[in-house]
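Everything on this sheet refers to the single structure shown next.
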Amino acid sequence: MVIRKKIIYAILILSPLICIFFSLFIGRFPLSVPLVAKILWSKLAIGSIYLPDKYDTVIWEIRMPRAILGALVGGSLAISGAAFQGLFRNPLVSSGILGVSSGAGFGAALAILIFNSTSYTYIFAFCFGGLAVLLSYLIGRVYNTTPAIMLVLGGVIVSSVFSALISFAKYVADPYNQLPTIVFWLMGSLASARYHDFIIGGIPMAAGITGLIAIRWRINVLSMGDKEARSLGIDTALNKGIVIICATLATAGAVCVSGIIGWVGLVMPHIGRMLVGNDNRLLIPASLSLGACFLIIVDNLGRLITGSEIPLGILTALVGGPFFVYLLKKTKGGGW
Amino acid sequence: MIEVINGSFSYEKSGVFKNLSFQVNKGEIFCIVGPNGCGKTTLLDCILGILKLDEGEILINKKQIKEIPPREIAKEVAYVPQIHTKTFPYTVLDIVLMGRASHMGIFSSPSAQDRDIAGQALELVGLADFMNRPYTQLSGGEGQLVMIARALAQKTPVIIMDEPTAHLDFKHELTVLETVIQLVRQTGLSIIMATHFPNHAFYFENNGINTSVALMDQMTFSAVGRPTEILSEDNLMSLYQINAKVVSCLLDNNTELRQIVPLNTVNSRVTFEEGCKI
């Protein structure tokens, strides 16, 4: 058992790294394998080899940040989805259940409307995503407790209000300039990924992921329901709060750099359940790793299939759907 | 160990119980019986610290429950739920390990020692071989034993059980009761148990366990004491409005066996034939 666990952890850590590595070779700008190896090597052995700057730029300024950001975004969405499924005791819950995605979507649309550019979308998306979750939490708070069902209800209400506001923003937007920007933002993309995204999106994502990994066993106990969790000696309000804050940080961080990407937060945890079981000690890291790999692979496909990029939000479902069915048939649900 | 003094509780404006007092000692099984909706579960929730009394006090080891943080309460009192909603197919071991939560920090996972304690708890209820099975695949009775094992892993001197044999068939009901008796004998646990079957109290008493029974009715305990004294035909009549016979016979080993046989409800249109002797 112990050895098996170590192997699983090794696979979980290594596979996203391998995906990142291979995505350095993939893209429109042709770079041969030895050339990429040389570029990587030149960074390690300082200044010994001369290479044209544009090669360096393609690898270090475009492909590398994009792959790492993809890994972070996919991992964040999947890990928050898994945490929420445990917290709400409902396997059909995803990372957007408390309205973070629609809130962020509205924030981005608003920023595009006001400033007529995409430079403030990050901040607005992040803040409105957090605001949406806060509103859901306040709505779900009755008699000083927050029953899971009321939180979900709050999330549904807040999501639909923000969806309506997004539609409104589209309706009043300038149809030649702002409207397409909003629509494309909502479809989700990593095309503009640069290192400065790490500061805005990466820090909350990393913080959220770290928090969820640290508290992952407690999610098992929380999934027993409020009463049992309390009788087991857990401060449910505090623990729920930590899980919600961490998952929101991670998701809002992801959404603000990538736009709205569905599917990952719902289905990656399920694939995790089939592969490693339902114990959150293993499921949480597994979801992180699966989400990271999945998003890198899908992003690479989006760059390869056609001349212009296909938005991520479209591809995740198109690629993920059949893959999920395949896994379902193969593992017969895996006790799930 | 546990003392309730003049406890009162009400939801909004409808009172549940008033001026309730009782005491549970070490190695004792305290059975609470009463009709549906009389407030048994509410009372148990108060002792678990989940609900707060409006008036009166609850003492755990002479300490006010109000002043004990949830985590410390969970080191004194464990809980076996009436109905456990199974959501995710955790393994039996994972479930029992959750009993260790109150002994761990917020960001830690169970240690090897916790795993040993969980294993011992499973052995005590006779489910050691089920450790790695998904608990969703167990039968109702086995599932209830897992819940008891989880409470045992919590290592508390008191366990609260809310109708632990509801929905169980004859054999599994007995398995649970036998496990409870064996635990009280081996570990000196105290158990507070809400039940719909007054016969459970007799069953414990018949087996030589220090048993008390409380009849909960009309917002208070109408009677508290030994099952033999309390579970009389008159009391059953006023508690449930039923006619019943308390029968007793001697077993081979000279112990007395008492049981209640319910006959009919007071307003029943079905009556036993004349001359039926029990």
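A residue that is among the polar types (S, T, N, Q), surrounded by 16 or more Cβ atoms within 10 Å (Cβ to Cβ) and not in a loop (DSSP other than H, G, I, E, B) occurs nowhere in the stretch B:104-125. Among the residues here, A:Met224 does not qualify as aliphatic (A, V, I, L, M) and touching a strand residue (DSSP E or B) at 6+ places or on another chain (Cβ under 7 Å). When the criteria are applied in full, B:Val4 meets the requirement of being under 24 Å from B:Leu231 (Cα atoms), of a type in the set (Val, Ile, Thr), assigned to a strand (DSSP E or B) and within 17 Å of the chain's Cα centre (by Cα). Being under 21 Å from B:Thr87 (Cα atoms) and either in a helix (DSSP H, G or I) or in contact with an Asp or Glu (Cβ under 8 Å, 6 or more places away or on another chain) (or both) is the filter here, so list the residues in the stretch A:262-277 that pass it. Once the filter is applied, which keeps residues that are under 21 Å from B:Thr87 (Cα atoms) and either in a helix (DSSP H, G or I) or in contact with an Asp or Glu (Cβ under 8 Å, 6 or more places away or on another chain) (or both), the stretch A:262-277 yields A:Gly265, A:Leu266, A:Val267, A:Met268, A:Pro269, A:His270, A:Ile271, A:Gly272, A:Arg273, A:Met274, A:Leu275, A:Val276. How many residues are in contact with a helix residue (DSSP H, G or I) (Cβ under 9 Å, 6 or more places away or on another chain) and more than 10 Å from chain A (Cβ to nearest Cβ) when one looks only at the stretch B:77-90? Number satisfying all stated conditions: 1.
Within the stretch A:234-261, track down each residue that is under 14 Å from A:Gly70 (Cα atoms) and not in a helix (DSSP H, G or I). Selection gives A:Gly259, A:Ile260, A:Ile261. Per the conditions (1) free of Cβ contacts under 8 Å to residues at least 24 places away in the same chain; (2) out of contact with any helix residue (DSSP H, G or I) (no Cβ under 6 Å at 6 or more places or on another chain), the sole criterion not satisfied by B:Pro134 is (1). Within the stretch B:26-49, is even one residue loosely packed, with under 15 Cβ neighbours inside 10 Å, touching a Ser or Thr at 6+ places or on another chain (Cβ under 6 Å) and outside any helix (DSSP H, G or I)? Checked against the condition, which is being loosely packed, with under 15 Cβ neighbours inside 10 Å, touching a Ser or Thr at 6+ places or on another chain (Cβ under 6 Å) and outside any helix (DSSP H, G or I), the stretch B:26-49 yields at least one hit. A:Leu238 meets each of the listed conditions (1) within 12 Å of chain B (Cβ to nearest Cβ); (2) touching a residue at least 12 places away in the same chain (Cβ under 8 Å) apart from (2). Candidates are the residues of the stretch B:204-241 that are among the hydrophobic types (A, V, I, L, M, F, W, C) and over 30 Å from B:Lys13 (Cα atoms); the one that is surrounded by the fewest Cβ atoms within 10 Å (Cβ to Cβ) is B:Ile209.
When you scan the stretch A:278-297, how many residues do you find that are part of a helix (DSSP H, G or I) and crowded, with 24+ Cβ neighbours inside 10 Å? Qualifying residue count, the stretch A:278-297: 13. Evaluation of A:Ser308 against the conditions (1) in contact (Cβ under 8 Å) with a residue 24 or more places away in the chain; (2) outside any helix (DSSP H, G or I); (3) more than 22 Å from A:Leu92 (Cβ to Cβ); (4) among the small types (Gly, Ala, Ser) shows that the sole unmet condition is (1).
Every number in this text was worked out from the coordinates using simple rules, so none of it is lab data. Since we're looking at a predicted model, the values are computed, not measured. Cβ: placed from backbone, ideal geometry, glycine included. Neighbour counts: every protein chain shown.
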